[in-house]
Amino acid sequence: MTKPQWNNGLVRWIDDRMPIFTLMHHELVDYPTPKNFNYWWNFGSLAGIVLVIMIVTGIFLAMSYTPHVDYAFESVERIVRDVNYGWLLRYLHMNGGSIFFIVVYIHLFRGLYYGSYKAPRELLWILGVLIIIVMMATAFMGYVLPWGQMSFWAATVITNLFSAVPVFGEAIVTWLWGGFSVDNPTLNRFFSFHYLLPFVLFALVFLHLWALHVHKSNNPLGIDVKGPQDTIPFSPYYTIKDLFGLGVLMVFYLFFVFFAPDFFGEPDNYIKADPLVTPTHIVPEWYFLPYYAILRAIPDKLGGVVAMFGSILILLILPWLDRSKVRSARFRPIYKQFFWILVVDCFVLGWIGAKPPEGIYITIGRIATAYYFLHFLVIIPLISMVERPKPLPESISTAVTKGGAAVKEAT
Amino acid sequence: MTDTATTAAQASGPDETRRDFLLMATSAVGAVGVALACWPFIDSMNPSADVLALSSTGVDLSAIEEGQSITVVWRGKPVFIRHRTPEEIETAGAAPMDDLIDPQADTDRVLKPEWLIMIGICTHLGCIPLGQKVGDPRGDFDGWFCPCHGSHYDTSGRIRKGPAPRNMAIPPYEFTDETTIKIG
Ligand code: HEM
Ligand code: FES
């Protein structure tokens, strides 16, 4: 990695005073990247692009949106019917939320499978967990903005979660609302936060990438890069692969935008908010269903709230719960099986979250919730003590090309 | 100036601790200042004077027949007003205290037994329970039923079954004459 030479005089002038072009060249072009990535490594860059799409569509939506209880619902309808391309902006934004969560959840489970949370990437992982938490807050407040029935009742139920806090519960909820129920002050502040948080996310993503670029990417083998023979420069190899992935994602995303814009939504959100009538079957957006199932699995109000927040916060300490030195599940025969059981468990929780809390669904929800915590608190530490990992390959290049040496010459 | 700089560079004993102390004291004062300056911002999110001012509602009860319910709005919240039948009053009074999740006598929840006036919000997560309209499900205790997570309330609005921790709240109200109340 030598210092790049700039031909353009202006670029050279700027770079001499502030080496921004050199920095970008090092981090995005030369950047040595393990040569054995599979497609699961596409989802990080996809998440970043979706964040940009959300910010751009959001800013333009905000130009036509009115955060007032008497006009919010109508202003969103007007965006869709009367504003030029308003329908496109809104459906890109609305479905973009779901796409964002699909991409980020895959990205997260990729990390779980390949042990990307282990040393020296713990901080990178923790920043990722913070990102997902801020994303959830952003999406929740965004969902309130169109002021439909689901918006209103989601806001009511979720803010009421804080009433479970001992002693200060009621005061906190009144403070969150700015009144005695979810009302205009609540809508106004949610809009303000919904505008702010994506930029906080942007800053967190920057820190996440900074931490990433210190120890560089993990890879499907989970072993460390031993030298230049194990890497290829990010550009053009991975820029082109990421672009290809983006094309595939856009086909998937735009299919919903153009042909099924309300696929992820709830019909009740096309009824204007009515503070005096709760819809008979309230459900959160699909990406919150597993947490909702955990909330309802615990028969105690405070306990349910603690378990729900705990289910995501537990990821913060995962690097210290898993004591195995081997990262990739490819070499961890027992962990690999339990990983897939966890995936199934999360889908079960999601399914239960959409069902009414009665009869057999309660029992299944409780078992799935118990298993979720068991996985992290008991199974993971146990496996890392008893499991005998398979032998690790000597290096990335010996594993992916039969003769590592030949490739060494080629690069 | 040069003198102090040399001392600091040599990191010799007493001077260093004096500087450390000054640094820590400055930081502490700064931190307290920032914390105090946060308060106006935090408090600006609490209910404002105009929201607090909208705090009382008058209701004329004369048109509500026995067995009927109406819902009025007070501070943006629904208030359930039920003209209870003698049977409802009797079952509410007869419920054994040991069976109650949040024990409270029916007589402590009403000013006049035939008028049950309470905030119609489920104490679990804030949904509006069903049971005000004819034909609504009224739960296992013939009062109100919250469809969100299945809480059952009795004819006194007390929680009897389900995840809600408390009875539906009674707002402050008074009878201004035989058939009119002022809530708040
Ligand atoms: C992290 C990125 C973001 C996420 C996950 C997100 C999520 C959401 C969601 C789920 C909705 C509800 C869509 C609906 O049901 O109609 C929404 C609405 C909205 N968002 Fe965002 N958003 C993001 C960024 C932004 C930004 C940066 C702005 C800029 C101001 C913005 C402005 C709006 C507006 C004005 C609405 C209301 C219009 C509508 O409902 O379509 N959003 N957002
Ligand atoms: S809000 Fe009524 S049972 Fe949960």
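The values are calculated or read from the model by the stated rules, or taken from the named source; none is laboratory data. This is a predicted model, so every value here is computed, not measured. Positions of Cβ are generated from backbone atoms using ideal geometry, with glycine treated the same way; all protein chains shown enter the neighbour counts. Areas reflect the complete protein model, heavy atoms only, side chains present, ligands, DNA and RNA absent. Shrake-Rupley method; radii C 1.70, N 1.55, O 1.52, S 1.80 Å.
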(request) Taking residue B:134 as the residue in question, decide whether it is open to solvent by 60 Å² or more (accessible area, probe 1.4 Å) and assigned to a strand (DSSP E or B). (result) no
(message) So residue A:89 ticks every box in (1) within 9 Å of ligand 1 (Cβ to nearest atom); (2) under 22 Å from residue A:158 (Cα atoms); (3) of a type in the set (A, V, I, L, M, F, W, C) but one. Which box is left unticked?
(response) (2)
(message) Looking at segment A:305-337 only, could you name the residues that are closer than 17 Å to residue A:126 by Cβ, of a type outside the set (Asp, Glu) and in contact with a Pro (Cβ under 9 Å, 6 or more places away or on another chain)?
(response) A:311, A:321
(message) Being among the basic types (Lys, Arg) and either farther than 30 Å from residue A:226 by Cα or within 14 Å of chain B (Cβ to nearest Cβ) (or both): is that true of residue A:388 here?
(response) no
(request) Could you name every one of the helices (runs of 4 or more DSSP H) located completely within segment A:1-81 that has at least 2 residues being in the same structural domain as residue A:105 (by TED's automatic domain parsing)? (result) A:43-62, A:72-81
(message) Which condition from (1) at pLDDT below 95; (2) out of contact with any Asp or Glu (no Cβ under 9 Å at 6 or more places or on another chain) is the one that residue A:38 breaks?
(response) (1)
(message) So in segment B:137-175, with the set limited to residues that are among the small types (Gly, Ala, Ser) and open to solvent by 10 Å² or more (accessible area, probe 1.4 Å), which one is nearest to the other protein chains (Cβ to nearest Cβ)?
(response) B:150
(request) Being of a type in the set (Gly, Ala, Ser) and over 26 Å from the mean Cα position of the chain (by Cα) is the filter here, so list the residues in segment A:56-85 that pass it. (result) A:64, A:72, A:75
(request) Please indicate, with yes or no, whether at least one residue in segment A:108-118 is within 9 Å of ligand 1 (Cβ to nearest atom) and assigned by TED's automatic domain parsing to the domain that holds residue A:221. (result) no
(request) Confirm whether residue A:363 is part of a helix (DSSP H, G or I), of a type in the set (Ser, Thr, Tyr), open to solvent by 60 Å² or more (accessible area, probe 1.4 Å) and over 29 Å from residue A:219 (Cα atoms). (result) yes
(message) For the structure I just gave you, tell me whether residue A:161 is within 16 Å of ligand 2 (Cβ to nearest atom) and touching a residue at least 60 places away in the same chain (Cβ under 8 Å).
(response) yes
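Residue-wise test of (1) over 24 Å from residue A:382 (Cα atoms); (2) surrounded by fewer than 17 Cβ atoms within 10 Å (Cβ to Cβ).
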position	(1), (2)
A:333	no, yes
A:337	no, yes
A:351	yes, yes
A:354	yes, yes
A:357	yes, no
(request) Within segment B:34-91, track down each residue that is assigned by TED's automatic domain parsing to the domain that holds residue B:122, of a type in the set (A, V, I, L, M) and over 24 Å from residue A:185 (Cα atoms). (result) B:59, B:61, B:63, B:64, B:70, B:81, B:89
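Rundown of residues vs (1) crowded, with 23+ Cβ neighbours inside 10 Å; (2) modelled with pLDDT of 95 or more; (3) within 14 Å of chain B (Cβ to nearest Cβ), yes/no style:
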position: A:128; (1), (2), (3): yes, yes, no
position: A:135; (1), (2), (3): no, yes, no
position: A:143; (1), (2), (3): yes, yes, no
position: A:147; (1), (2), (3): yes, yes, no
position: A:150; (1), (2), (3): yes, yes, yes
position: A:157; (1), (2), (3): no, no, yes
position: A:161; (1), (2), (3): no, no, yes
position: A:165; (1), (2), (3): no, no, yes
position: A:170; (1), (2), (3): no, no, yes
(request) Could you figure out which of (1) open to solvent by 20 Å² or more (accessible area, probe 1.4 Å); (2) within 30 Å of residue A:333 (Cβ to Cβ) isn't true of residue A:104? (result) (1)
(message) So, residue B:67, is that one touching a residue at least 60 places away in the same chain (Cβ under 8 Å), outside any helix (DSSP H, G or I) and either of a type outside the set (A, V, I, L, M, F, W, C) or within 12 Å of another protein chain (Cβ to nearest Cβ) (or both) or not?
(response) no
(request) List every residue pair whose Cβ atoms sit under 6 Å apart, with the two residues 6 or more apart in sequence or on different chains, where the first one lies in segment B:144-156 and is in contact (Cβ under 8 Å) with a residue 40 or more places away in the chain and the second, anywhere, is crowded, with 24+ Cβ neighbours inside 10 Å and in a strand (DSSP E or B). (result) B:144/B:153
(request) Look at residue A:390 and say whether it is touching a residue at least 24 places away in the same chain (Cβ under 8 Å) and surrounded by fewer than 13 Cβ atoms within 10 Å (Cβ to Cβ). (result) yes
(request) Mind counting the residues in segment A:242-277 that are open to solvent by less than 40 Å² (accessible area, probe 1.4 Å) and either away from ligand 1 (no atom under 16 Å from the Cβ) or small (Gly, Ala, Ser) (or both)? (result) 7
(request) Please specify each residue of segment A:278-293 satisfying the condition of being away from ligand 1 (no atom under 13 Å from the Cβ) and under 25 Å from residue A:303 (Cα atoms). (result) A:278, A:280, A:281, A:282, A:283, A:289, A:290, A:291, A:292, A:293
